[in-house]
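The values are calculated or read from the model by the stated rules, or taken from the named source; none is laboratory data. All figures in this text were calculated on a predicted structure; none of them were measured in a lab. Counting neighbours? That spans all protein chains shown, and the Cβs are built from the backbone with ideal geometry, glycine included. Side chains included, ligands, DNA and RNA excluded: accessible areas come from the protein's heavy atoms. Shrake-Rupley method; radii C 1.70, N 1.55, O 1.52, S 1.80 Å.
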Amino acid sequence: MKITFLGTGTSQGIPIIGSNHPVCLSENPKDKRLRVSVLIEWDNYSYVIDCGPDFRYQMLRSKCTRIDGILFTHEHSDHVMGLDDIRPFYFKQGNISLYGHQRVIKSLKQRFDYIFATENKYPGAPSVDINILENKPFKLNDLKVVPINGEHAELQVFGFRFKDFAYLTDMKTVSDEETKKLKGVKILVVNALRIEPHRSHFNLKEALCFIEKVKPEKAYLTHISHLLGFHDEVEKNLPTNVFLAYDQLQLSI
Ligand SMILES: [Zn+2]
Ligand SMILES: [Zn+2]
């Protein structure tokens, strides 16, 4: 299985438009972060988790030429606003499969009503197949995927486990029972927004504490804000098995 980090930034990305913050002005490519998303490939399958406003450029940059589906963690704009750009895939492949909580699909229907229209549909609009996710394992082709239920302040969010790899973003709390589902993962990806606490996201300390509970072989931090600091500086002070993810990082598992 191959994992490609398409974006590792928080909702505004890094740099933030118009910002003079030193991290936003950094010339290190690792300090440039598109909105959070990951591409997961195995055999001939490729799935994307989330589809934010940078989706088009992320597909071009990673040279992704087909997708088998999009899994949504939750409906915040930084995770869904690229949905219109599934059009090139739709024109080549037909309906694109979407996977998400019922509430997320409802939100997509409101925001992208023309994609879900059943009458007088605009000819250039893409069509989708809807797969409602509950908090129980499901199959993507031959692979079992286990949802991990968490809370993003008051909002429910799904993380996903694919065999020995798990990807969780926008988490603030994960119950002990849900955390148990991550037992034995080799690679864990989890969000770490910044140093200071935040009402709806893990800060660095909370992310490290969560990693300590799960005990993966390696962990990668994502959904990073400029307030976490410079990539190279922050990474120096992390435990030896914890790394900051960066855009275009690829992992094999
Ligand atoms: Zn987010
Ligand atoms: Zn969010």
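If the condition is being more than 16 Å from ligand 2 (Cβ to nearest atom) and open to solvent by 60 Å² or more (accessible area, probe 1.4 Å), then region 198-216 contributes Lys205, Cys209, Glu212, Lys213, Lys215.
Scanning region 159-172 for residues that are within 10 Å of Val146 (Cβ to Cβ) and open to solvent by less than 10 Å² (accessible area, probe 1.4 Å), which turns out nearest to ligand 2 (Cβ to nearest atom)? Step through it out loud before you land on a result.
Within region 159-172, the subset within 10 Å of Val146 (Cβ to Cβ) is 159-163, 166.
Checking the rest, the ones that are also open to solvent by less than 10 Å² (accessible area, probe 1.4 Å) come to 159-160, 162, 166.
Values: Gly159: 12, Phe160: 15, Phe162: 21, Ala166: 18 Å.
Residue satisfying both the conditions and the ranking: Gly159.
Annotation for region 18-32: no member residue is within 27 Å of Asp164 (Cβ to Cβ) and either assigned to a loop (DSSP other than H, G, I, E, B) or of a type in the set (S, T, N, Q) (or both).
Can you say whether Phe202 is in contact with a strand residue (DSSP E or B) (Cβ under 7 Å, 6 or more places away or on another chain), within 30 Å of Tyr90 (Cα to Cα) and not small (Gly, Ala, Ser), as far as the supplied structure shows? Give the derivation first.
On the way: in contact with a strand residue (DSSP E or B) (Cβ under 7 Å, 6 or more places away or on another chain): yes; within 30 Å of Tyr90 (Cα to Cα): no; not small (Gly, Ala, Ser): yes.
No: the conditions fail for Phe202.
Of everything listed in (1) of a type in the set (Asp, Glu); (2) over 20 Å from Leu168 (Cβ atoms); (3) touching a residue at least 12 places away in the same chain (Cβ under 8 Å), the single unmet condition for Asp50 is (2).
Each residue in region 68-117 was checked for being among the acidic types (Asp, Glu) and in a loop (DSSP other than H, G, I, E, B), and 2 pass. Please tell me if Lys136 is assigned to a strand (DSSP E or B) and either at pLDDT 95 or above or closer than 17 Å to Ile70 by Cα (or both). Against the criterion (assigned to a strand (DSSP E or B) and either at pLDDT 95 or above or closer than 17 Å to Ile70 by Cα (or both)), Lys136 does not qualify. In region 8-28, how many residues are buried (at least 23 other Cβ atoms within 10 Å of the Cβ) and out of contact with any His (no Cβ under 6 Å at 6 or more places or on another chain)? So the count comes out to 3.
Let me confirm something: among Asp31, Asp54, which residue is closer than 21 Å to Ala192 by Cα, within 16 Å of ligand 1 (Cβ to nearest atom) and open to solvent by less than 30 Å² (accessible area, probe 1.4 Å)? Quick ask: steps written out before the conclusion?
On the way: Asp31 fails: within 16 Å of ligand 1 (Cβ to nearest atom).
Testing whether each residue is closer than 21 Å to Ala192 by Cα, within 16 Å of ligand 1 (Cβ to nearest atom) and open to solvent by less than 30 Å² (accessible area, probe 1.4 Å) leaves just Asp54.
Of the residues Arg66, Arg87, which is in contact with a helix residue (DSSP H, G or I) (Cβ under 9 Å, 6 or more places away or on another chain), open to solvent by 70 Å² or more (accessible area, probe 1.4 Å) and more than 16 Å from ligand 2 (Cβ to nearest atom)? It is Arg66. Taking the conditions (1) without any contact (Cβ under 8 Å) to a residue 40 or more places away in the chain; (2) touching a helix residue (DSSP H, G or I) at 6+ places or on another chain (Cβ under 8 Å); (3) within 27 Å of His226 (Cα to Cα); (4) away from ligand 2 (no atom under 15 Å from the Cβ) in turn, Val80 satisfies each one other than (4).
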